[in-house]
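Here is the structure we will look at, set down as structure tokens.
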Amino acid sequence: MTFLSRRTVLAGGGLLLGAACTRRFATPDQAGTLPIPRLLDARDHGQRIGLRAQEGETTFFPGRRSATMGYNGSYLGPTLRVHRGDDVTVTVSNNLSADTTVHWHGLLVPGELDGSPHQTISPGETWRPTLPIRQPAATLFYHSHAHGRTAEQVYAGLAGLLFVTDEEEQGLGLPSDYGVDDLPILIQDRQFVDGRLVLPAGMMVALDGRRGNVILVNGAYNPRADVPRSLVRLRLVNG
Ligand SMILES: [Cu+2]
């Protein structure tokens, strides 16, 4: 991706140009702006956050629709911001046709609140953990951790950012204007064929894992961010 500071390129072009079949659908000149997931600050919502896992379609490349999954949308989820010392209730509803869970990656909470592979939320059901936020500020993420389905569901888009903040962090003077000078950068490698997202499968994938031919940032290919000419904070997450 590219960062522009008042039309000045701050940092280099595409992280990965991808395969030739991908370049047909987007060139750096056609790149859109960096999508910024909606911010849900628990304190703005009475310490209650709603997440709905759902299926949808996403157009990563013009004219090419992919079947995807997301929280409260068709791909990825909102950025959740929680505050140290608070207790935050998250209502997770499963609108998928398969079991799911939501795991709070890096959040220090008791196991029964952590959305492990066996804390299944069946289709149509709701899970409502109250999360005690008792750790220092951190950039974390949340994702499906469904038993036997984690790879498929995260690959399809069931992931989002989770920020823990506290007074110490707020006193550091770091850039803190979300989406302006405090940017979520959720990086994913994904396999595209003919401009459509595909889930790699087969024995070699099972043994060795897989590597995508396209790098997505916040669900977009090679996006650009317009940033102020000042200190900018990048929240990098390998999602
Ligand atoms: Cu995790």
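Miscellaneous remarks
- Relative contact order for the chain, counting Cα pairs under 8 Å that sit 6 or more residues apart, in percent: 26
- Length available on full extension from VAL193 to ILE36: 0.36 nm per residue minus the Cα-Cα distance, which gives 54.0 nm.
- Prolate/oblate/rounded label for the chain (Cα gyration tensor, a/c 1.5): oblate
- Percent accessible area from carbon and sulfur atoms, the stretch 2-238, protein chains only, probe 1.4 Å: 51
- Remark: the ASP226-ASP44 segment gains 62.9 nm on full extension, using 0.36 nm per residue and subtracting the alpha carbon distance.
- Ranked by the mean number of other Cβ atoms within 10 Å per residue, highest first, peptides 162-174, 206-218 order as 206-218, 162-174.
- Accessible area ranking (1.4 Å probe, heavy atoms, ligands and nucleic acids excluded), largest first, for ASP41, ASP99, ASP114: ASP99, ASP114, ASP41.
- Taking every DSSP helix (H) stretch of at least 4 residues in the chain, weighting each as -39,500 (n - 2.57) and dividing the sum by the residue count yields a mean residue ellipticity at 222 nm of -2000 deg cm²/dmol.
The values are calculated or read from the model by the stated rules, or taken from the named source; none is laboratory data. It should be emphasised that the depicted structure is a prediction, and the values quoted were computed from it without experimental measurement. Note: ideal-geometry Cβ built from the backbone for every residue, glycine included; neighbour counts use all protein chains shown. For accessibility, only protein heavy atoms count, side chains too; no ligands or nucleic acids. Shrake-Rupley method; radii C 1.70, N 1.55, O 1.52, S 1.80 Å.
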